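Enquirer: For reference, the structure I am asking about is given below.
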Amino acid sequence: MSEREKFGEVLSHAVPLAVDNIDTDQIIPARFLRVTHKDGLAEVVFSDWRKDPDFVLNRPTSAGAKILVAGDNFGCGSSREHAPWALVAWGFRVVVSTRFADIFRNNALKNGLLPVQVEAKVVQKMLAAIADDPTTVFEVDLQRQVLVMPTGEPVRFPIDAFSKKCLLEGVDELGYLLGHEAAIAAFEARRGEAQPAGASG
Amino acid sequence: MSEAVAGAAPRTLLDKIWDAHVVVTEPGCPSVLYVDLHLVHEVTSPQAFSGLRARGIGVRRPDRTLATMDHITPTRGGLATLDAESMKMVAALERGAAEFGIPLYRLGERGNGIVHVMGPELGATRPGMTIVCGDSHTSTHGAFGALAFGIGTSEVEHVLATQCLLQRKPKAFEVRVDGRLAPGVSGKDLILAVIAKLGIGGGTGSVFEFRGEAISALSMEARMTVCNMSIEAGARAGLIAPDAKTWEFLRGRPLAPKGEEFEAMVAAGSDLKSDEGATFEGGSIVLDGWTIAPMITWGTNPGMGMAIDASVPDPATMADPGAKAMAEKALKYMGFEGGQPLLGKAIDVVFIGSCTNSRLSDLQAAADIVRGKKVADGVRMLVVPGSVNIKREAEALGLDRIFMDAGAEWRDAGCSMCIAMNGDLVPPGQLAVSTSNRNFEGRQGPGSRTLLASPATAAASAVRGAVADPREVA
């Protein structure tokens, strides 16, 4: 799950989780944040909901799925990056929702997890197709910015050009920032920077 | 500090702070945004320190970085009581701070406390700044007219390494509260009312600017409570333009500028407000302060709030299928029935604390209600001050005695039962009235059930042993 791994085409069946406002405390409860690394988080993704044997991730049909189809406003709440770490560790590469919380979206993009934002009717169609046949395969083509439905119908999704480039080419955002050192130093000089912690901006 | 340019388009407070911090924006790329203050804690930093080591780079501006331990730290008995797992996290922070030269406020030291209580208390949080932290409640600092927002651990690493972040500009969203708050109604009630109106995702992509007479009338502590929970409506940040109260709060704080430098900061800060006619692209709502009642949540997200004397909404009457499904799921988890009141409902736990409501005025509001009374039989009440300093100030005022005489537990500073990482938790199935910020399933411990409310409501409920209206428990 290197954050600098290139994002390839995703061709997979999908896990339906039609719950709105899934917060990051559900994706990974706080008691599992007591880690100083990123390993082993696949075991604890949706830990509390997985106590229900019928929870969708416990079903054999969910095994190997790379796409999660969720309700509105996915990833709200805590800023914990452990949430995308855990989703990626489980095997997800794409989350489909009608809306993503801002911090979750940022965190996901830095970890090779693609937030695919679509209209509610697309989510409904996906859920119906999965209900009909849990092995239904969907395609996500980031280069073309399309989610391809089983009927072959392409659904375009938005992503900003920079995030797309980072995912497709494995561009390292910190490398990009470090490349601006001269501009950062000039910015500080321009502000007459030589002040202690938290000098006024 | 920028001056208004003749003929230039009017700008929002967000525009002004944003513009003053953009290092560069390349075509097709997000902006490189300069960060004035980076706050660090033990839960979201270890992997960022590891990332720096892996690259062989250091922290660019340790003098713009402050660290505390708060999330997993015990509120009784000190670090010696930590288990091995938690101790490793504290050790990782200690090691990172020492290795990279970051000032660290250790557990129990003066200055230590919940990260969002600590920054303002030290005077490190100041108007016009950009402030980030690997914690969504960084929005708290917006009460000082600083653009402050939560980030993930990758971004923590970015800021440590470069003092900058790659960011796209959010939209300014006006939240105007006219009139005054009625007696017995607090900043917490105000923000719970805002979140109930907008819903948990209503502020996504936006930064709230709170304004209006009711906001001006709030104390700095109440303003922090309001900005703190902006994220609970999905907004990245909350902002309140600085005024005389802001400067008075900061004057004399340990890390605030002194003398002429302070006066220069005040003078420069006079432009830190939205210009007349500035456009709020994200939207705008107006509330009437007088109509806000003490609030309480009934469900499993902070947007599921209502006036304390109202009845829990009945999903059967909801037209929107999404809202209905959410309400049904929430009520099933909470064990409540639609159409029933919460007043009088027996409770098990009361928690006074968290970055939302653990400041001195919060503790005073709770103490005013429990003074001379007893916490009801069968109810556990935990009072956790937000910082070492607040604990000392409260003890100097005798608040600790008031709480302990009533039968409450008086603890050391930390996040405690809000995030339930340190052993302070609400047992499965128990019902808590909590002054914290999230009532998500299991937030205060696996199976815990949380009702969010103000310190006054929480204290009144502790005394009654049931959900109570603070206006009726004087």
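Enquirer: Note down the magnitude of the dipole of chain B about its Cα centre, charges +1 on Lys and Arg C-beta and -1 on Asp and Glu C-beta and zero elsewhere, to the nearest 20 debye.
Expert: 560 debye
Enquirer: Which value, to two decimals, describes the C-alpha radius of gyration of the stretch A:75-201 once divided by 2.2 N^0.38 Å?
Expert: Working: Rg = 19.3 Å, N = 127, 2.2 N^0.38 = 13.9 Å.
Expressed relative to 2.2 N^0.38 Å, the Cα Rg reads 1.40.
Enquirer: Also: R0 = 35 Å: FRET efficiency of A:LYS121 with A:GLN143, Cβ-based, nearest 0.05?
Expert: The calculated FRET efficiency here is 0.90.
Enquirer: Now, a different point. Can you give the net charge of the other residues whose Cβ lies under 15 Å from the Cβ of A:ALA128, counting K and R as +1 and D and E as -1?
Expert: -2
Enquirer: Would you calculate a helix-derived [θ] at 222 nm for chain B, using -39,500 (n - 2.57) for each DSSP H run of n ≥ 4 and dividing by the full residue count, to the nearest 500?
Expert: That calculation yields -9000 deg cm²/dmol at 222 nm.
Enquirer: From the helices alone, meaning DSSP H stretches of at least four residues, give me the mean residue ellipticity at 222 nm for chain A, per-run term -39500 (n - 2.57), in deg cm²/dmol to the nearest 500.
Expert: Calculated from helices alone, the mean residue ellipticity at 222 nm is -8000 deg cm²/dmol.
Enquirer: Put +1 on the Cβ of each Lys and Arg and -1 on the Cβ of each Asp and Glu in the protein assembly as shown; which of B:VAL24, B:ILE151, B:GLY277 then has its Cα farthest toward the positive end of the dipole?
Expert: Sorting the options by dipole projection puts first B:ILE151.
Enquirer: For chain B, what does the relative contact order come out to in percent, with C-alpha contacts under 8 Å and a separation of six or more?
Expert: Working: 1155 pairs, mean separation 79.0, N = 474.
The value is 17 percent.
Enquirer: Let me ask something else about it. Determine the dipole magnitude for the stretch B:100-219: charges of +1 sit on the beta-carbon of Lys and Arg, -1 on that of Asp and Glu, nothing else is charged, the reference point is the Cα centre, and the result goes in debye to the nearest 20.
Expert: Details: 11 positive and 10 negative charges, 34 e Å.
That gives a dipole near 160 debye.
Enquirer: Taking H as built 1.01 Å from N, whose amide H comes closer than 5 Å to the amide H of B:LEU287, not counting residues under 5 places away?
Expert: B:ARG176, B:VAL177, B:ASP178
Enquirer: For the protein assembly as shown, would you read off the P(r) tail past 41 Å as a percentage of all alpha carbon pairs? Write out the running numbers ahead of the final one.
Expert: Details: 52162 of 227475 pairs.
Looking at the protein assembly as shown, the distances longer than 41 Å represent 23 percent of pairs.
Enquirer: Which FRET efficiency, nearest 0.05, do B:GLU328 and B:GLU263 yield, Cβ-Cβ r, R0 41 Å?
Expert: For R0 = 41 Å, the calculated efficiency reads 0.10.
Enquirer: Within 10 Å of each Cβ of B:147-156, how many other protein chain Cβ atoms are there on average?
Expert: Neighbouring Cβ atoms belonging to other protein chains average 6 per residue here.
Enquirer: Would you tell me the mean number of C-beta atoms belonging to other protein chains that fall within 10 Å of each C-beta in B:246-258, as a whole number? Don't jump to the answer; show the numbers that get you there.
Expert: Numbers: counts 0, 0, 0, 0, 0, 0, 0, 0, 0, 4, 2, 5, 0.
Counting Cβ atoms of other protein chains within 10 Å of each residue's Cβ and averaging gives 1.
Enquirer: Report the convex hull volume per residue for chain B, counting only C-alpha atoms, in Å³.
Expert: It comes to 149 Å³ per residue, whole-number rounded.
Enquirer: Would you kindly derive the ³J(HN,Hα) couplings of the stretch A:106-117 from the backbone phi angles with the Karplus curve 6.51 cos²θ - 1.76 cosθ + 1.60 (θ = phi - 60°), listing them in order in whole Hz, with x for Gly and Pro?
Expert: Result, rounded to whole Hz: 4, 5, 4, 4, 7, 10, x, 10, 8, x, 9, 9.
Enquirer: While we're on this one: With +1 assigned to the C-beta of every Lys and Arg and -1 to the C-beta of every Asp and Glu, and no other charges, what is the dipole magnitude of the protein assembly as shown about the Cα centre in debye, to the nearest 20?
Expert: Magnitude of the dipole: close to 540 debye.
Enquirer: Quick one: what are the phi-derived ³J(HN,Hα) couplings along the stretch B:162-168, Karplus 6.51/-1.76/1.60 with θ = phi - 60°, whole Hz, x for glycine and proline?
Expert: Taking θ as phi minus 60°, the curve returns 10, 6, 9, 9, 8, 9, 9 Hz for the stretch B:162-168.
Enquirer: Here's something else I'd like to know. Applying a 10 Å radius around every beta-carbon, put B:139-145, B:378-384 in order of their mean neighbour count, most first.
Expert: Descending mean neighbour count gives B:139-145, B:378-384.
Enquirer: Related question: For the charge dipole of the stretch B:164-270, defined by +1 on Lys and Arg C-beta atoms and -1 on Asp and Glu C-beta atoms about the Cα centroid, which residue among B:SER216, B:PHE249, B:ALA235 has the Cα displaced farthest towards the positive pole?
Expert: It is B:ALA235.
Enquirer: For the stretch B:12-167, what class follows from the C-alpha gyration tensor (a ≥ b ≥ c being the square roots of its eigenvalues): rounded when a/c is under 1.5, otherwise prolate if a/b is larger than b/c, else oblate? Don't skip to the end; give the middle numbers.
Expert: Working: a/c = 2.36, a/b = 1.46, b/c = 1.61.
Oblate.
Enquirer: Counting only residues 5 or more places away or on other chains, whose amide H sits under 5 Å from the amide H of B:ARG449 once H atoms are built in the peptide plane?
Expert: The answer is B:GLY429, B:GLN430, B:ALA432.
Enquirer: Would you work out if the stretch B:361-474 is rounded, prolate or oblate? Take a ≥ b ≥ c from the square roots of the eigenvalues of the alpha-carbon gyration tensor; rounded if a/c is under 1.5, else prolate when a/b is larger than b/c, oblate otherwise. Spell out each step's value before the answer.
Expert: Values: a/c = 1.81, a/b = 1.21, b/c = 1.49.
Taking the square roots of the gyration eigenvalues as a ≥ b ≥ c, the stretch B:361-474 is oblate.
Enquirer: Right, something else. Can you give the relative contact order of chain A as a percent, counting alpha carbon pairs under 8 Å and 6+ residues apart?
Expert: 25 percent
Enquirer: Something else now. Below 12 angstrom from the Cβ of B:PRO183, what's the summed charge of the other residues (Lys, Arg +1; Asp, Glu -1)?
Expert: Surrounding charge for B:PRO183 is +1.
Enquirer: Output the pairs from B:LYS329/B:LYS391; B:LYS245/B:LYS345; A:LYS66/B:LYS329; A:LYS165/B:LYS273; B:LYS16/B:LYS258; A:LYS38/B:LYS324 with a Cα-Cα distance over 30 Å in this structure; if there are none, say none.
Expert: Working: B:LYS329/B:LYS391 39 Å; B:LYS245/B:LYS345 39 Å; A:LYS66/B:LYS329 26 Å; A:LYS165/B:LYS273 37 Å; B:LYS16/B:LYS258 25 Å; A:LYS38/B:LYS324 37 Å.
Listed pairs above 30 Å: B:LYS329/B:LYS391; B:LYS245/B:LYS345; A:LYS165/B:LYS273; A:LYS38/B:LYS324.
Enquirer: Same structure again: Order these peptides, A:147-156, B:213-222, by their mean beta-carbon neighbour count within 10 angstrom, highest first.
Expert: Ranking, from highest mean packing down: B:213-222, A:147-156.
Enquirer: List the residues, sorted by chain then number, that are 5 or more residues from B:MET381 or on another chain and whose placed amide H is less than 5 Å from its amide H.
Expert: Distant-sequence amide H within range of B:MET381: B:VAL350, B:GLU409.
Enquirer: While we're here: Read phi for every residue in the stretch B:200-210 and hand back ³J(HN,Hα) as whole Hz from Karplus 6.51 cos²θ - 1.76 cosθ + 1.60, θ = phi - 60°, with x for Gly and Pro.
Expert: 5, x, x, x, 3, x, 10, 10, 6, 10, 7
Enquirer: All other residues with a Cβ under 12 Å from the Cβ of A:GLY71 taken together, and with Lys, Arg as +1 and Asp, Glu as -1, what is their net charge?
Expert: Details: positive: A:ARG99, B:LYS329; negative: A:ASP20, A:ASP23, A:ASP72.
Here the charged neighbours net out to -1.
Enquirer: Where does each of B:294-305, B:362-373, A:5-16 land if you order them by average Cβ count within 10 Å, highest first?
Expert: Descending packing order for the listed peptides: B:294-305, B:362-373, A:5-16.
Enquirer: Taking each residue in B:228-241, count the Cβ atoms of any other chain within 10 Å of its Cβ, then average. What number comes out? Before the final figure, lay out each step's value.
Expert: Working: counts 0, 0, 0, 7, 3, 1, 8, 1, 4, 1, 0, 0, 0, 0.
Mean inter-chain Cβ contacts per residue within 10 Å come to 2.
Only the coordinates and a few stated rules stand behind these numbers; no lab work does. Everything quoted here is computed from the prediction, not taken from an experiment. Don't worry about glycine lacking a Cβ; one is built from the backbone with ideal geometry, like all the others, and counts go over all protein chains shown.
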